[in-house]
1. What do you get for Rg/Rh of segment 223-371 when both radii come from the Cα atoms and Rh is the Kirkwood radius?
2. Restricting to Cα pairs below 8 Å that are 6+ residues apart, what does the relative contact order work out to for segment 52-304? Please round to a whole percent.
3. Hey, what D do you get for segment 267-341 in µm²/s if you plug the Kirkwood alpha-carbon radius into Stokes-Einstein at 20 °C and 1.002 mPa s?
4. What aspartates and glutamates could a cross-link reach from residue 147, if we take a straight Cα to Cα line under 13 Å and drop same-chain neighbours fewer than 8 places away?
5. Please report Rg over Rh for segment 366-416, where both radii come from the alpha carbon positions and Rh follows the Kirkwood definition.
6. How long are the three semi-axes of the equivalent ellipsoid for segment 52-304, computed from the Cα gyration tensor as the root of 5 times each eigenvalue, in whole Å, largest first?
7. Could you give the C-alpha radius of gyration of segment 1-120 expressed as a fraction of 2.2 N^0.38 Å, taking N as the number of residues it contains?
8. Please give me, ordered by residue number, the GluC sites (Glu not before Pro) of segment 62-106 that lie in loop per DSSP and have at most 14 other Cβ atoms within 10 Å.
Amino acid sequence: MSALRVVSSDQTFDVERIRQDFPILATRVKDKPLVYLDNAASAQMPRPVLDRWVCYHSSEHANIHRAVHHLSEIATAEYDQARRKVQTFINAREDREVIFTRGTTQAINLVAYSFGRAFIGAGDEIIVSALEHHSNIVPWQMLCEEKGAKLRVIPCNDVGELLQDAYAGLFTARTKLVALTHVSNALGTVNPVKDMITLAHSHGVPVLIDGAQAAPHLSVDVQALDCDFYAFSTHKMCGPTGFGALYGKAHLLEKMPPFEGGGDMILSVTFEKTIYNTIPFKFEAGTPPIAAAITFGAAVDYLSGIGMDRIAAHEHALLEHATARFAELDGVRLIGTAKEKAAVLSFVMEGVHPHDAGTLLNDEGVAVRTGHHCAQPVMQRFGVPATVRASFAFYNTHAEVDTLVAAVRKTQKFFA
């Protein structure tokens, strides 16, 4: 296996040096430098992570946990090591509390299917928030429809912060689960999840946290949070698409029935009875995406080498700069101005449809997301059909923020 080149945590944060690790950032769009500001959708992959993907396929590829030949032993060791890297990254108590999934969406569906169908029944209640991604709404709606349970929603205020008094008032004797986003993908609001988890636990209610937008940008410690489940995706963390992880407290995972049936999630099979495997394998049926897992481990190494606190600090500086520059713009309204925010600016432009804005920004080389961001209830709450979303990563620069602002001004002049 080739050695990974990472940025030492004792170095000054040198964004230009870091950008050299990302070959895609040299792309030109319509003869202009790419300014990639769609990181909330997918982050780009650095060279060490790309190299790890190629290394696995060129010199280590084999199935895992099923053979004793050389390649299988290497692949198995690297796959298992990737799980331990994720355990360390989120500070899980044990590596068996880390279940590999196809991403945040499947992780949430796993909990809805397994925990939900086992422990939630008719008349029970599930609390979600007004800031959720569809992936943390629809699985619970499906469960409620099937079981005759009820979904209760934490409202938010006009700046995009959840109303904590209203949250406290939602708990009843029938509350069985809280499913809550750590960071809003549409607005960037960072929710006070630790306090919200503490409140839920005071009622004896477990909590699932959707960490898709938090794990790439903040230092996550699941033991300090004391969450019961934590879901996140690889492609937002400089890794490959179609992969992610679910953290779950071991005592809960052990009580939950399997999500899928097949190979590797069993200890013994006869036509009369199947004995299921231990966790985490009980929830990982079939041949997994081995390359994605190992490459995810490389992405974790890369992010850890820079340091999540340093990443958060750089991105916060970008957010402050971008917020100040947007305040200079007439006819532009930010949607979501919470006090605690991740590096996301969601905005609308007077007289300009977000999709048209996105098209013209692309003409300037600026890549943003336009639409409802798979968070239609958020759009409804703020009375807009869609927004333009600029989402920053640690490899973005203040100069790129300025390019975004200049592109917005040019777009406004086009529609003037």
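All of the numbers you see were taken from the coordinates with simple rules; none came from a lab. In this text, all values refer to a predicted model and were calculated from it rather than measured experimentally. When we count neighbours, we look across all protein chains shown, and the Cβ atoms used for this are built from the backbone with ideal geometry, even at glycine.
1. 1.12
2. Computed over segment 52-304, the figure is 25 percent.
3. Roughly 122 µm²/s, to the nearest whole number.
4. Output for residue 147: 124, 125.
5. Radius of gyration relative to Kirkwood radius: 1.05.
6. Square roots of five times the eigenvalues give 32, 22, 14 Å.
7. Cα Rg divided by the expected 2.2 N^0.38 Å: 1.39.
8. Listed in order of number, the matching sites are 94.
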